[in-house]
Amino acid sequence: MIKNIPFSIPDIDETDILAVIDVLKSGWITSGPKVKEFESNFQEFIGLDVNAIAVNSATSGLHLALEALNIGRGDEVITTTLTFTATAEVVRYLGADVKFVDVDEKTLNISVDSLRKAISSKTKAIIPVHYAGLSCDMDQILSIAEEFNLKVIEDAAHALPTTCNGDIVGSLKSDITVFSFYANKTMTTGEGGMVVTRHSDLVKRMKIMRLHGIDRDAFDRFQSKKPAWYYEIIAPGFKYNMTDIAAAMGICQLRKLPRFLERRQYLAKRYFDALVDLPLILPADDTTGGTHSWHLFVIRLQNNAPMSRDELIQTLSDQGVGTSVHYVPLHRQPYWRDEYNLTNDMFPVTDRAYQTMLSIPLYTAMSDEQQDRVIQVLREALA
Ligand SMILES: *Cc1c(COP(=O)(O)O)cnc(C)c1O
(Lines give C-alpha, C1' and ligand atoms only; values in the text may rest on other atoms or scores of the structure.)
Protein backbone atom coordinates (compact mmCIF):
# COMPACT_ATOMS: atom_id res chain seq x y z
CA MET A 1 0.00 0.00 0.00
CA ILE A 2 1.49 3.33 -1.09
CA LYS A 3 1.51 6.07 1.53
CA ASN A 4 -0.72 9.10 1.24
CA ILE A 5 0.54 11.85 -1.03
CA PRO A 6 0.07 15.23 0.61
CA PHE A 7 -0.83 18.24 -1.55
CA SER A 8 2.40 19.99 -0.60
CA ILE A 9 5.38 19.62 1.72
CA PRO A 10 8.39 21.95 2.01
CA ASP A 11 11.78 20.71 0.76
CA ILE A 12 14.02 21.10 3.81
CA ASP A 13 17.30 19.22 4.15
CA GLU A 14 20.22 19.01 6.55
CA THR A 15 21.83 22.21 5.17
CA ASP A 16 18.76 24.30 6.09
CA ILE A 17 18.65 22.69 9.54
CA LEU A 18 22.36 23.26 10.24
CA ALA A 19 22.11 26.88 9.05
CA VAL A 20 19.27 27.54 11.48
CA ILE A 21 21.14 25.83 14.32
CA ASP A 22 24.15 28.07 13.65
CA VAL A 23 21.99 31.17 14.06
CA LEU A 24 20.40 29.79 17.22
CA LYS A 25 23.87 29.28 18.71
CA SER A 26 25.22 32.64 17.52
CA GLY A 27 23.56 34.82 20.14
CA TRP A 28 21.82 36.97 17.49
CA ILE A 29 18.43 35.64 16.35
CA THR A 30 16.51 38.69 15.14
CA SER A 31 17.33 40.85 12.06
CA GLY A 32 21.11 40.99 11.68
CA PRO A 33 23.94 39.71 9.47
CA LYS A 34 21.93 36.80 7.99
CA VAL A 35 19.14 39.12 6.81
CA LYS A 36 21.74 41.39 5.15
CA GLU A 37 23.39 38.39 3.48
CA PHE A 38 20.04 37.00 2.28
CA GLU A 39 19.05 40.40 0.85
CA SER A 40 22.35 40.71 -0.93
CA ASN A 41 22.15 37.16 -2.38
CA PHE A 42 18.57 37.76 -3.48
CA GLN A 43 19.60 40.99 -5.19
CA GLU A 44 22.30 39.09 -7.03
CA PHE A 45 19.78 36.45 -8.08
CA ILE A 46 17.31 39.00 -9.54
CA GLY A 47 19.79 41.53 -10.91
CA LEU A 48 22.35 43.77 -9.30
CA ASP A 49 20.54 47.02 -10.09
CA VAL A 50 17.59 46.14 -7.80
CA ASN A 51 17.32 46.47 -4.04
CA ALA A 52 15.91 43.62 -1.96
CA ILE A 53 14.19 44.20 1.38
CA ALA A 54 13.46 41.14 3.52
CA VAL A 55 10.16 41.09 5.41
CA ASN A 56 8.24 38.65 7.59
CA SER A 57 5.64 37.88 4.87
CA ALA A 58 4.64 38.84 1.36
CA THR A 59 1.51 40.36 2.89
CA SER A 60 3.72 42.76 4.90
CA GLY A 61 5.71 43.43 1.75
CA LEU A 62 2.63 44.34 -0.27
CA HIS A 63 1.47 46.63 2.55
CA LEU A 64 4.87 48.37 2.68
CA ALA A 65 4.84 48.73 -1.11
CA LEU A 66 1.43 50.42 -1.27
CA GLU A 67 2.27 52.65 1.69
CA ALA A 68 5.53 53.77 0.08
CA LEU A 69 3.64 54.53 -3.13
CA ASN A 70 1.27 56.77 -1.16
CA ILE A 71 -1.87 54.74 -1.84
CA GLY A 72 -4.62 55.90 0.50
CA ARG A 73 -8.22 56.99 1.00
CA GLY A 74 -10.04 57.80 -2.24
CA ASP A 75 -7.65 55.76 -4.38
CA GLU A 76 -8.51 52.64 -6.34
CA VAL A 77 -6.22 49.68 -6.96
CA ILE A 78 -7.03 47.09 -9.64
CA THR A 79 -6.49 43.35 -9.20
CA THR A 80 -8.21 40.02 -9.86
CA THR A 81 -10.45 37.87 -7.65
CA LEU A 82 -8.57 34.66 -8.53
CA THR A 83 -5.99 35.27 -5.83
CA PHE A 84 -5.34 34.96 -2.13
CA THR A 85 -7.06 37.60 -0.01
CA ALA A 86 -3.66 39.10 0.95
CA THR A 87 -3.33 40.69 -2.51
CA ALA A 88 -6.43 42.80 -1.88
CA GLU A 89 -6.57 43.19 1.91
CA VAL A 90 -3.45 45.37 1.98
CA VAL A 91 -5.32 47.95 -0.13
CA ARG A 92 -8.00 48.11 2.56
CA TYR A 93 -5.36 48.49 5.34
CA LEU A 94 -4.63 51.89 3.78
CA GLY A 95 -8.28 52.87 3.36
CA ALA A 96 -8.12 52.65 -0.44
CA ASP A 97 -10.58 50.66 -2.55
CA VAL A 98 -10.06 47.53 -4.62
CA LYS A 99 -11.45 47.37 -8.14
CA PHE A 100 -11.68 43.71 -9.11
CA VAL A 101 -11.49 42.49 -12.70
CA ASP A 102 -11.78 39.14 -14.47
CA VAL A 103 -8.96 36.88 -15.68
CA ASP A 104 -7.96 35.60 -19.09
CA GLU A 105 -9.52 32.25 -20.00
CA LYS A 106 -6.26 30.68 -21.14
CA THR A 107 -3.70 31.91 -18.59
CA LEU A 108 -5.97 32.70 -15.60
CA ASN A 109 -3.91 35.90 -15.24
CA ILE A 110 -5.47 39.38 -15.24
CA SER A 111 -7.41 40.10 -18.44
CA VAL A 112 -5.75 43.07 -20.09
CA ASP A 113 -9.06 44.12 -21.72
CA SER A 114 -10.92 44.06 -18.40
CA LEU A 115 -8.06 45.95 -16.79
CA ARG A 116 -8.24 48.72 -19.39
CA LYS A 117 -12.02 49.04 -18.98
CA ALA A 118 -11.78 49.24 -15.16
CA ILE A 119 -9.51 52.29 -15.08
CA SER A 120 -11.15 55.44 -13.68
CA SER A 121 -9.93 58.82 -12.48
CA LYS A 122 -9.50 57.24 -9.03
CA THR A 123 -7.24 54.41 -10.22
CA LYS A 124 -3.73 54.71 -8.78
CA ALA A 125 -2.21 51.26 -9.12
CA ILE A 126 -2.44 47.75 -10.55
CA ILE A 127 -1.47 44.57 -8.68
CA PRO A 128 -0.96 41.84 -11.30
CA VAL A 129 -0.74 38.33 -9.79
CA HIS A 130 1.46 35.85 -11.67
CA TYR A 131 -1.04 33.08 -11.12
CA ALA A 132 0.44 29.61 -10.42
CA GLY A 133 3.84 30.92 -11.50
CA LEU A 134 3.10 32.02 -15.08
CA SER A 135 3.96 35.63 -15.85
CA CYS A 136 1.16 38.08 -16.61
CA ASP A 137 1.36 39.94 -19.90
CA MET A 138 3.68 42.52 -18.37
CA ASP A 139 4.45 44.30 -21.65
CA GLN A 140 0.80 45.26 -22.05
CA ILE A 141 0.25 45.95 -18.34
CA LEU A 142 3.30 48.22 -18.13
CA SER A 143 2.30 50.08 -21.27
CA ILE A 144 -1.25 50.64 -19.91
CA ALA A 145 0.31 51.81 -16.62
CA GLU A 146 2.46 54.30 -18.48
CA GLU A 147 -0.47 55.55 -20.56
CA PHE A 148 -2.65 56.19 -17.48
CA ASN A 149 0.17 57.05 -15.06
CA LEU A 150 -0.50 54.11 -12.74
CA LYS A 151 1.85 52.35 -10.34
CA VAL A 152 2.47 48.61 -10.79
CA ILE A 153 3.11 46.32 -7.83
CA GLU A 154 3.65 42.72 -8.92
CA ASP A 155 2.31 40.05 -6.58
CA ALA A 156 5.04 37.54 -7.37
CA ALA A 157 4.19 35.19 -4.49
CA HIS A 158 3.98 32.33 -7.03
CA ALA A 159 6.64 33.58 -9.39
CA LEU A 160 10.09 32.66 -8.12
CA PRO A 161 11.77 32.18 -10.49
CA THR A 162 9.56 33.17 -13.43
CA THR A 163 10.68 34.99 -16.53
CA CYS A 164 8.76 37.27 -18.86
CA ASN A 165 10.20 37.62 -22.37
CA GLY A 166 13.53 36.40 -21.01
CA ASP A 167 13.68 38.79 -18.06
CA ILE A 168 13.27 37.48 -14.54
CA VAL A 169 10.22 38.72 -12.62
CA GLY A 170 11.60 41.23 -10.13
CA SER A 171 13.78 42.89 -12.77
CA LEU A 172 10.90 44.22 -14.91
CA LYS A 173 9.94 47.89 -15.15
CA SER A 174 7.18 47.81 -12.53
CA ASP A 175 7.56 49.93 -9.39
CA ILE A 176 7.79 47.15 -6.81
CA THR A 177 7.70 43.33 -6.87
CA VAL A 178 6.87 41.17 -3.85
CA PHE A 179 7.83 37.51 -3.32
CA SER A 180 6.62 35.07 -0.65
CA PHE A 181 8.52 32.42 1.30
CA TYR A 182 5.45 30.90 2.92
CA ALA A 183 5.75 27.15 3.62
CA ASN A 184 4.19 25.95 0.34
CA LYS A 185 5.90 28.41 -2.02
CA THR A 186 8.77 27.55 -4.42
CA MET A 187 11.26 28.30 -1.63
CA THR A 188 10.49 28.86 2.02
CA THR A 189 11.68 30.49 5.22
CA GLY A 190 8.68 29.21 7.19
CA GLU A 191 7.12 32.65 6.94
CA GLY A 192 8.79 35.43 5.00
CA GLY A 193 8.85 37.63 1.96
CA MET A 194 11.09 39.83 -0.17
CA VAL A 195 10.33 43.22 -1.67
CA VAL A 196 12.29 44.26 -4.72
CA THR A 197 12.54 47.68 -6.33
CA ARG A 198 14.95 49.89 -8.28
CA HIS A 199 13.74 53.14 -6.73
CA SER A 200 15.97 54.36 -3.89
CA ASP A 201 13.27 56.66 -2.44
CA LEU A 202 10.93 53.66 -2.11
CA VAL A 203 13.71 51.56 -0.56
CA LYS A 204 14.30 54.24 2.05
CA ARG A 205 10.61 54.55 2.97
CA MET A 206 10.00 50.79 3.08
CA LYS A 207 13.08 50.17 5.26
CA ILE A 208 11.91 52.84 7.70
CA MET A 209 8.34 51.52 7.80
CA ARG A 210 9.51 47.89 8.07
CA LEU A 211 10.80 48.62 11.57
CA HIS A 212 8.60 50.99 13.58
CA GLY A 213 9.37 54.11 11.54
CA ILE A 214 12.94 54.23 12.84
CA ASP A 215 15.08 56.35 10.52
CA ARG A 216 18.23 54.24 10.20
CA ASP A 217 20.04 56.79 8.08
CA ALA A 218 19.59 59.49 10.70
CA PHE A 219 20.68 56.94 13.29
CA ASP A 220 23.78 55.85 11.35
CA ARG A 221 24.72 59.39 10.43
CA PHE A 222 24.65 60.58 14.00
CA GLN A 223 25.81 57.53 15.86
CA SER A 224 29.37 58.75 15.86
CA LYS A 225 28.21 61.81 17.80
CA LYS A 226 25.26 60.35 19.71
CA PRO A 227 25.34 57.35 22.05
CA ALA A 228 24.48 53.90 20.61
CA TRP A 229 21.08 53.81 22.32
CA TYR A 230 19.83 56.88 20.42
CA TYR A 231 17.28 56.63 17.59
CA GLU A 232 14.60 58.73 15.92
CA ILE A 233 11.01 57.77 14.99
CA ILE A 234 9.70 59.62 11.97
CA ALA A 235 6.42 57.71 11.34
CA PRO A 236 4.08 55.16 12.99
CA GLY A 237 5.78 52.22 11.28
CA PHE A 238 5.15 48.49 11.34
CA LYS A 239 6.90 45.37 12.72
CA TYR A 240 7.63 43.62 9.45
CA ASN A 241 11.31 42.66 9.74
CA MET A 242 12.59 39.15 9.00
CA THR A 243 14.54 37.20 11.63
CA ASP A 244 18.07 35.87 11.08
CA ILE A 245 16.62 32.41 11.78
CA ALA A 246 14.36 32.72 8.73
CA ALA A 247 17.07 34.43 6.65
CA ALA A 248 19.52 31.58 7.30
CA MET A 249 16.97 29.20 5.78
CA GLY A 250 16.40 31.63 2.93
CA ILE A 251 20.10 31.75 2.06
CA CYS A 252 20.15 27.92 1.82
CA GLN A 253 16.90 27.64 -0.08
CA LEU A 254 17.88 30.32 -2.60
CA ARG A 255 21.07 28.38 -3.40
CA LYS A 256 18.91 25.35 -4.20
CA LEU A 257 16.33 27.30 -6.22
CA PRO A 258 17.75 26.51 -9.69
CA ARG A 259 17.65 22.81 -8.82
CA PHE A 260 14.14 23.18 -7.36
CA LEU A 261 13.01 24.81 -10.61
CA GLU A 262 14.47 21.99 -12.72
CA ARG A 263 12.64 19.43 -10.64
CA ARG A 264 9.35 21.34 -10.89
CA GLN A 265 9.76 21.70 -14.67
CA TYR A 266 10.47 17.98 -14.94
CA LEU A 267 7.37 17.06 -12.92
CA ALA A 268 5.19 19.52 -14.89
CA LYS A 269 6.39 18.00 -18.17
CA ARG A 270 5.52 14.52 -16.90
CA TYR A 271 2.00 15.68 -16.01
CA PHE A 272 1.55 17.21 -19.50
CA ASP A 273 2.67 13.97 -21.17
CA ALA A 274 0.55 11.73 -18.95
CA LEU A 275 -2.69 13.75 -18.83
CA VAL A 276 -2.92 15.17 -22.35
CA ASP A 277 -5.66 12.77 -23.54
CA LEU A 278 -7.94 13.21 -20.50
CA PRO A 279 -10.99 15.56 -20.53
CA LEU A 280 -8.96 18.28 -18.84
CA ILE A 281 -7.80 21.79 -19.59
CA LEU A 282 -4.11 21.65 -18.73
CA PRO A 283 -2.31 24.80 -17.53
CA ALA A 284 -1.10 27.42 -19.99
CA ASP A 285 2.64 27.60 -20.45
CA ASP A 286 5.03 30.08 -22.00
CA THR A 287 2.47 32.67 -23.07
CA THR A 288 5.00 35.48 -22.74
CA GLY A 289 7.91 33.40 -23.94
CA GLY A 290 8.68 32.91 -20.30
CA THR A 291 9.57 30.26 -17.84
CA HIS A 292 6.87 29.02 -15.53
CA SER A 293 7.95 28.58 -11.89
CA TRP A 294 5.39 25.75 -11.55
CA HIS A 295 4.40 26.79 -8.04
CA LEU A 296 0.99 25.27 -8.82
CA PHE A 297 -0.26 22.76 -11.38
CA VAL A 298 -3.90 23.74 -11.88
CA ILE A 299 -6.12 21.51 -14.00
CA ARG A 300 -9.68 22.28 -15.10
CA LEU A 301 -12.33 19.69 -15.97
CA GLN A 302 -13.80 19.90 -19.46
CA ASN A 303 -17.60 19.80 -19.93
CA ASN A 304 -17.43 16.16 -21.06
CA ALA A 305 -15.61 14.96 -17.92
CA PRO A 306 -17.39 12.00 -16.27
CA MET A 307 -17.55 13.66 -12.85
CA SER A 308 -17.68 17.07 -11.20
CA ARG A 309 -14.71 18.86 -9.65
CA ASP A 310 -15.95 18.12 -6.13
CA GLU A 311 -16.40 14.43 -6.97
CA LEU A 312 -12.90 14.26 -8.45
CA ILE A 313 -11.38 15.85 -5.33
CA GLN A 314 -13.24 13.29 -3.20
CA THR A 315 -12.10 10.41 -5.40
CA LEU A 316 -8.48 11.55 -5.20
CA SER A 317 -8.79 12.03 -1.44
CA ASP A 318 -10.24 8.51 -1.04
CA GLN A 319 -7.13 7.23 -2.82
CA GLY A 320 -4.83 9.22 -0.53
CA VAL A 321 -4.00 12.03 -2.96
CA GLY A 322 -4.16 15.53 -1.52
CA THR A 323 -5.36 18.41 -3.70
CA SER A 324 -6.39 22.02 -3.23
CA VAL A 325 -8.35 24.75 -4.99
CA HIS A 326 -6.66 28.05 -5.87
CA TYR A 327 -8.75 29.92 -5.07
CA VAL A 328 -12.28 30.32 -3.78
CA PRO A 329 -12.39 33.62 -5.69
CA LEU A 330 -12.63 36.80 -3.66
CA HIS A 331 -15.98 37.69 -5.25
CA ARG A 332 -17.41 34.65 -3.43
CA GLN A 333 -15.87 35.58 -0.07
CA PRO A 334 -18.39 37.23 2.28
CA TYR A 335 -16.26 40.27 3.11
CA TRP A 336 -15.34 41.17 -0.47
CA ARG A 337 -18.72 40.20 -1.91
CA ASP A 338 -20.62 42.39 0.56
CA GLU A 339 -18.14 45.30 0.66
CA TYR A 340 -18.29 45.80 -3.11
CA ASN A 341 -21.63 44.14 -4.02
CA LEU A 342 -19.85 41.58 -6.16
CA THR A 343 -21.78 38.86 -8.01
CA ASN A 344 -20.48 35.72 -9.69
CA ASP A 345 -21.62 36.90 -13.12
CA MET A 346 -19.36 39.95 -12.90
CA PHE A 347 -16.40 37.54 -13.20
CA PRO A 348 -17.60 34.89 -15.68
CA VAL A 349 -14.18 33.50 -16.58
CA THR A 350 -12.89 33.36 -13.00
CA ASP A 351 -16.14 31.88 -11.73
CA ARG A 352 -16.30 29.17 -14.39
CA ALA A 353 -12.63 28.33 -13.78
CA TYR A 354 -13.26 28.15 -10.03
CA GLN A 355 -16.07 25.63 -10.46
CA THR A 356 -13.97 23.28 -12.59
CA MET A 357 -10.45 23.69 -11.16
CA LEU A 358 -8.24 21.82 -8.76
CA SER A 359 -4.53 21.99 -7.98
CA ILE A 360 -2.76 18.63 -7.98
CA PRO A 361 0.47 17.82 -6.07
CA LEU A 362 3.65 19.28 -7.59
CA TYR A 363 6.60 19.91 -5.30
CA THR A 364 10.30 19.12 -5.34
CA ALA A 365 10.10 16.62 -2.47
CA MET A 366 7.60 14.52 -4.47
CA SER A 367 9.12 11.36 -5.98
CA ASP A 368 8.49 10.12 -9.53
CA GLU A 369 6.67 7.13 -7.99
CA GLN A 370 4.37 9.42 -6.01
CA GLN A 371 3.61 11.38 -9.16
CA ASP A 372 2.93 8.15 -11.08
CA ARG A 373 0.39 7.30 -8.41
CA VAL A 374 -1.35 10.70 -8.78
CA ILE A 375 -1.45 10.16 -12.56
CA GLN A 376 -2.82 6.63 -12.17
CA VAL A 377 -5.63 7.76 -9.86
CA LEU A 378 -6.52 10.64 -12.21
CA ARG A 379 -6.55 8.30 -15.22
CA GLU A 380 -8.75 5.76 -13.44
CA ALA A 381 -11.20 8.52 -12.54
CA LEU A 382 -11.32 10.30 -15.90
CA ALA A 383 -10.19 8.03 -18.76
C1 LIG B 1 0.97 33.23 -0.50
C2 LIG B 1 0.42 34.43 -1.21
C3 LIG B 1 0.45 35.71 -0.66
C4 LIG B 1 0.84 35.98 0.75
O5 LIG B 1 2.08 35.52 1.07
P6 LIG B 1 2.51 35.48 2.64
O7 LIG B 1 4.00 35.38 2.57
O8 LIG B 1 1.86 34.27 3.22
O9 LIG B 1 2.05 36.74 3.26
C10 LIG B 1 0.03 36.77 -1.43
N11 LIG B 1 -0.43 36.59 -2.67
C12 LIG B 1 -0.51 35.37 -3.23
C13 LIG B 1 -1.01 35.24 -4.63
C14 LIG B 1 -0.11 34.24 -2.50
O15 LIG B 1 -0.23 33.02 -3.03
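The values are calculated or read from the model by the stated rules, or taken from the named source; none is laboratory data. Just so we're clear, the structure is a prediction, and the values are computed from it rather than from any experiment. Keep in mind that these areas ignore ligands, DNA and RNA; they rest on the heavy atoms of the full protein, side chains included. Shrake-Rupley method; radii C 1.70, N 1.55, O 1.52, S 1.80 Å.
Can you work out the Karplus-derived ³J(HN,Hα) for every residue in segment 84-100? Use 6.51 cos²θ - 1.76 cosθ + 1.60 with θ = phi - 60°, whole Hz, and x for glycine or proline.
With the stated coefficients, segment 84-100 comes to 6, 4, 4, 3, 9, 4, 5, 5, 6, 3, 9, x, 7, 10, 9, 10, 8 Hz.
When the helices in the chain are scored as -39500 (n - 2.57) per DSSP H run of 4 or longer and the sum is shared across all residues, what 222 nm value do you end up with, to the nearest 500 deg cm²/dmol?
-12500 deg cm²/dmol
Give a residue-ordered list of calculated ³J(HN,Hα) values for segment 130-145 (Karplus: 6.51 cos²θ - 1.76 cosθ + 1.60, θ = phi - 60°; whole Hz; x for Gly, Pro).
Computed from phi, the couplings for segment 130-145 are 7, 4, 6, x, 9, 4, 5, 6, 5, 4, 5, 5, 5, 6, 5, 4 Hz.
Mind jotting down a quarter of the surface of the convex hull over the alpha carbons of the chain, in square nanometres, one decimal?
20.2
Leaving ligands, DNA and RNA out of it, rank ILE78, ILE233 by accessible area with a 1.4 Å probe, largest first.
ILE233, ILE78
Calculate the all-directions average of the projected area of segment 290-339's alpha-carbon convex hull, and give it in nm².
Projected over every direction and averaged, the Cα hull of segment 290-339 covers 6.0 nm².
Hey, can you grab everything whose amide H is under 5 Å from the amide H of ASN51? Only 5+ residues off in sequence or another chain; H modelled, so Pro and N-termini drop out.
Amide H to amide H, under 5 Å and 5 or more residues apart or across chains, ASN51 pairs with THR197, ARG198.
What is the set of long-range amide H partners of LYS99 at a cut-off below 5 Å, with H atoms built 1.01 Å from backbone N?
For LYS99, whose amide H was placed from the backbone, the distant partners under 5 Å are VAL77, ILE78, THR79.
Output the relative contact order of the chain, whole-number percent, from Cα pairs under 8 angstrom with separation of 6+ residues.
Result for the chain is 23 percent.
Amide H neighbours of ASN109 under 5 Å, counting only residues 5+ apart in sequence or on other chains, H built in-plane at 1.01 Å?
Those qualifying (amide H under 5 Å, at least 5 residues apart or on another chain) are ASP104.
Counting C-alpha atoms alone, how compact is segment 136-177: give Rg to one decimal and Dmax as a whole number, in angstrom.
10.0, 29
Using the Karplus curve 6.51 cos²θ - 1.76 cosθ + 1.60 with θ = phi - 60°, what ³J(HN,Hα) values do you get for each residue of segment 366-383, in whole Hz, with x for Gly and Pro?
7, 7, 4, 5, 4, 5, 4, 5, 4, 4, 4, 5, 5, 5, 4, 6, 10, 6
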